[in-house]
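Enquirer: Got a structure here, written out as structure tokens. Questions coming.
Only the coordinates and a few stated rules stand behind these numbers; no lab work does. No experiment lies behind these values; they were computed from the predicted model shown. We place every Cβ from the backbone using ideal geometry, glycine too, and count neighbours over all the protein chains shown.
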């Protein structure tokens, strides 16, 4: 997100913009947000955790979800729009707050580009947020790998629970892009060094513990969910839980700080909670429920994001997170870019910057369907057009006319270049469209996992039918045998298409959803339905960002983005 | 260290004692230590980092090293004595400060017993110090594993440096006791998931990056050392460095907070730096040079510890850390227990609590030799007898008489039960014996690694000769070919004997030191000489501490020790 935005007079990188900004002490940000002194736990001068046990009840503010269209591989700038839009609300005198996910360290070392917004719409201190931040991911890594060590140690020390070493599904994790850890054999070197096992590492963001932290209501609920984790099967095929290994207490102790949301600020001085970072494919893909709730207790309006397009992130937000947390949603901002509309019409990457009204006419069906889908949940959609320097007047006019014709609220966001100032009209539009309607989840989990999958496939993906592989059918039996088939479903699907085929752009219909595998995440409280290959451990590119990241003798970081 | 100390009226666990204590805000501890506001970076209310770039130069205080005799497997309470003794100095009106290593999370989850002192001589908040603390170990884990990922990625992406995948010596690390990670095969699953390799994980404390952080003078020196790490050999047998992979900038950026020492407090209200935690076998085994120097800039007297007995920790402190940091040492406190003297006479574990003056007469040779050895470095030894409830008056009298006869300064420490109050006489004795003599390292590294090893073997271990295995001879050639043979040596040897045979207790002579392997740690700046099996990744016991660690709904941790 570092190039080709509207204002290019002084092209600067994100890290340069962030470093040129004078931050306010976090104590001042906290005071402005209404965080009491006894609840504030500082981490340096510009970051803090908020001890949620010290937050008093209050009338919650309005929650706005920021989602997007089916994206290009570069992404459409949802976080950047969210931050700029919240800053615009602050400029309009509203008590607004940001709630976002934490970046993962692995990708920071891999591809250039952070996950803390961009340009003049960032959360800061961005170097810290993008590196270790307050240690939440490390705490999750520790808890995840403590459980893994306890599993292998249990088997090593006599295996009283009769855990089948071939059917342990719990993997270790690290917050690093390291493809060589995807498939490993552990426990080599003879009987004193463990029982050999085929296993693997995921990136920390893909750990079930990340999903658990994201959905836990409080420490007690966290511990209950940790105990409920299924780590694999015993020799009789019965699930074995972390609770049977007495691992939940140690894991919860390791997560005692991680459960509290992290307070930072935007470049516009708006308070921001950045907390939790589950993937939007293998998990539900939004910041923690605790952060959202805490933000709502302080602010009149809170903007939060769901990963990828609305078919993935928003659906999971509505059906998983909002259900778990009894959240209501006053509006959904759907972020779109002109390039993404052309992309959805099949325009090649190199041609996306060229004016192409025909492509807009073809590709707008994608946006149209995201608008329709959001409405199916009883939520009011507001389209935010994230502007780039290459957008032409004719293209912008086309989008406006489309919105007028369909009666869709649409505003432009020029936030990368101008921060909150570039989204004031959009902010006003949002305020004018906040709805009192109640969020309606799409399905009732009690009706069974097949109903849940079929409902989402039909209503959101517009598939004609759902096909289960032989493996998935076997998984289904295990789910039913153990009563896991009434959990909500978390469908893992490509973000590039409404279908499970990334090549089907636009608004495909009549396709078949192929369910390949069903994984019970009994701690997180959902079942993951895999519809394609999911990469849970990325690799580094030929020239990783780590090659150019540096720090000078004064401690100033360069080359981060 | 939770039982059998002198005061047993109210037996409490360490965590209970620590939780019953009312901590002072870290801002007050910092003010008392003389830390300027702009240098203080708070991590919560009771912990902080001190930004060393903001510390002004001042006349350094006196440095006292705390070391010990050849220990029993339970350890003799060096940290506990150090903390109690420093609190005693505070009680005597001295501006004193503690400098200690950070505990490793892996063992905390394994065996019961923390590493932050014990009883009424602890550093607090002990739960935080024993769990994630300020994230230093996690930062080291990240830096270590980022380098590992960059190595494998380089090989994967064409291997321009011609790294021999069979000769990569850089291992991954995790701060967990997980024996199944000792020997692993990575890179399985076909060509998109890396190049298969036999490798392993160490615990984070054994990472060379831990040793580097421990010896770095500042951020610039840290980066220089990171670049100098040898990661393995190329196909021509030449060393490949982290610098050739352009990894030092990213690693240094990941360590930008970890380089600053962590400020906490003792139960007696004395400021304490707890920073770094290298092993005392595979590395030099003491807190960071930066923490020691920073403490010396604030306090009149600083007590710091070296791991295991003086043959291991103190020798390395004098010959490696003090040399690298140009430190002087005003005295060395040798911690001894009556049980350790009996143990060194060969008394069985179950009989150590029984009065046995004959065993004391036999075992005292061990203490005597540690006293002699410390004097060889030009340092004044002061013996601290760490009292236990089972010590008899006759046994204590025997030790006192021994000290009088040999003209050794000796005092008793009753610190587990009584804190600083129990070490006031010892503190006065220490103050009366602070020496102005200059520390004299034992050897000159310029004379070569064989001379260094032979000098230590002869003068400290009292071996008659040194034998090199065929492997070690090959290693020696590589060291000489690459100019690494003039680095100081870090001998990895059992802590239970002056010899390399753990069964030779007391004060053995006439033995042979067997060097099995020589490993260049070109980043840390020393060569590790292995004389036996070194465990760099511990395992969990049958019933790990993690089974009983818990946290209640109010966030209070129980069962930690």
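Enquirer: Could you give the nm distance between label points at residue B:548 and residue A:535, where each point is 7 Å from its Cα heading toward the beta carbon?
Expert: 4.6
Enquirer: Which whole-number percent of Cα pairs in the protein assembly as shown have a distance greater than 47 Å? Provide the component values of the computation, followed by the final result.
Expert: Working: 199858 of 628881 pairs.
Taking all Cα-Cα pairs of the protein assembly as shown, the fraction more than 47 Å apart is 32 percent.
Enquirer: Using the 10 angstrom Cβ neighbour count as an exposure proxy, how do A:436, B:76, B:454 rank, fewest first?
Expert: Lowest to highest Cβ neighbour count: A:436, B:454, B:76.
Enquirer: For A:138, A:511, what's the fewest-to-most ordering of other Cβ within 10 Å of each Cβ?
Expert: Lowest count first: A:511, A:138.
Enquirer: Tell me, how many Å apart are the Cα centres for segment A:45-61 and for segment B:377-430?
Expert: The distance from the Cα centre of segment A:45-61 to that of segment B:377-430 comes to 51 Å.
Enquirer: If you build the convex hull over the alpha carbons only and average its shadow over all orientations, what do you get for segment A:136-255? Give it in nm² to one decimal.
Expert: 7.3
Enquirer: Label point 7 Å out from residue A:434 along Cα-to-Cβ: which residues of segment A:70-111 have amide N under 16 Å?
Expert: Output list for this probe position: A:85-99.
Enquirer: Let me ask something else. How far, in nm to one decimal, is residue A:34 from itself in the other copies if the label point is set 7 angstrom along Cα toward Cβ? Shortest first, please.
Expert: So the label point of residue A:34 gives 4.6 nm to the other copies.
Enquirer: What are the equivalent ellipsoid semi-axes of chain A, built from the alpha-carbon gyration tensor (square roots of five times its eigenvalues), in whole angstrom, biggest first?
Expert: 36, 28, 23
Enquirer: On to the next question. Using the reciprocal of the averaged 1/r over all distinct C-alpha pairs, how large is the Kirkwood radius of segment B:514-556 in Å? Don't skip to the end; give the middle numbers.
Expert: On the way: mean 1/r = 0.0692 Å⁻¹.
Result for segment B:514-556, one decimal place: 14.4 Å.
Enquirer: For chain B, find the longest principal axis of its Cα atoms and tell me its angle to the long axis of helix B:393-406, 0 to 90°, nearest 10.
Expert: Relative to chain B, helix B:393-406 is tipped by roughly 70 degrees.
Enquirer: Can I ask one more? In degrees from 0 to 90, rounded to the nearest 10, what is the angle of the helix B:289-298 Cα long axis to the longest principal axis of chain B?
Expert: That works out to roughly 40 degrees.
Enquirer: Quick one: length gained pulling residue A:368 to residue A:45 fully straight, 0.36 nm per residue minus the C-alpha distance? Each step should come with its number before you reach the end.
Expert: Details: separation 323, 0.36 × 323 = 116.28 nm, distance 4.48 nm.
Length difference between fully extended and current span is 111.8 nm.
Enquirer: Okay, moving on. Quick one: if the Förster radius is 30 Å, what FRET efficiency do residue B:469 and residue B:300 give, using the C-beta to C-beta distance and rounding to 0.05?
Expert: Details: r = 48 Å, r/R0 = 1.60.
After rounding to 0.05, the efficiency reads 0.05.
Enquirer: State, to one decimal in nm and shortest first, how far the label point of residue A:552 sits from each corresponding label point in the other identical copies (label point: 7 angstrom along Cα-to-Cβ).
Expert: Those label-point separations list as 5.3 nm.
Enquirer: A further question on this structure: Using DSSP, restrict attention to beta bridges with both residues in the protein assembly as shown and report what percent are antiparallel, rounded to the nearest 5.
Expert: Here the antiparallel bridges make up roughly 45 percent for the protein assembly as shown.
Enquirer: With all pairs of different alpha carbon atoms counted, what Kirkwood hydrodynamic radius in Å does segment A:352-483 show?
Expert: 18.1
Enquirer: Assuming R0 = 60 Å, what is the FRET efficiency of residue A:400 and residue B:74, from their Cβ-Cβ distance, to the nearest 0.05?
Expert: Working from the Cβ atoms, E equals 0.20.
Enquirer: Taking the Cα-to-Cβ direction at residue B:376 and at residue B:169 and moving 7 Å from each Cα, how far apart do the two end points lie in nm?
Expert: 2.6
Enquirer: Separate question: Output, in nm with one decimal and in ascending order, the distances from the residue B:483 label point to the matching label points of the other copies (7 Å from Cα along Cα-to-Cβ).
Expert: Sorted ascending, the copy-to-copy spacings read 7.1 nm.
Enquirer: Can I ask one more? Can you tell me how segment A:445-530 classifies by the Cα gyration tensor, rounded, prolate or oblate, using a/c under 1.5 as the rounded cut? Walk me through the numbers before you get to the answer.
Expert: Numbers: a/c = 2.00, a/b = 1.92, b/c = 1.04.
Prolate shape, in that a/c is at least 1.5 and a/b is the bigger ratio.
Enquirer: Divide, for segment A:81-177, the radius of gyration over alpha carbons by 2.2 N^0.38 Å, where N is the residue count. Spell out each step's value before the answer.
Expert: Details: Rg = 20.1 Å, N = 97, 2.2 N^0.38 = 12.5 Å.
Expressed relative to 2.2 N^0.38 Å, the Cα Rg reads 1.61.
Enquirer: Measure nothing fancy, just the Cα-based angle from helix A:470-481's long axis to the longest principal axis of chain A, in degrees from 0 to 90, nearest 10.
Expert: 70
Enquirer: When a/c reaches 1.5 or more, the comparison of a/b and b/c decides; with that in mind, is segment A:261-367 rounded, prolate or oblate per its Cα gyration tensor?
Expert: Prolate is the answer for segment A:261-367, as a/c is 1.5 or above and a/b outweighs b/c.
Enquirer: To the nearest 0.05, what FRET efficiency results for residue B:361 and residue B:36 with a Förster distance of 45 Å applied to their C-beta separation?
Expert: Efficiency at R0 = 45 Å is approximately 0.25.
Enquirer: Let me ask something else about it. Just need the relative contact order of segment A:136-255 here, percent rounded to a whole number, with Cα pairs under 8 Å and 6+ apart.
Expert: With pairs under 8 Å counted, the relative contact order is 32 percent.
Enquirer: Just want to confirm a number: the relative contact order over chain A, from Cα pairs under 8 angstrom separated by 6+ residues, in percent. Don't jump to the answer; show the numbers that get you there.
Expert: On the way: 1307 pairs, mean separation 120.3, N = 561.
Over chain A, the number comes to 21 percent.
Enquirer: Let me ask something additional. Is segment B:348-388 rounded, prolate or oblate when judged by the Cα gyration tensor, a ≥ b ≥ c being the square roots of its eigenvalues, rounded requiring a/c under 1.5 and prolate requiring a/b larger than b/c?
Expert: Prolate shape, in that a/c is at least 1.5 and a/b is the bigger ratio.
Enquirer: Starting from the Cα of residue B:477, step 7 Å along the direction of its Cβ; do the same at residue B:450; then give the gap between the two resulting points in nm.
Expert: In this crude spin-label approximation the distance works out to 1.4 nm.
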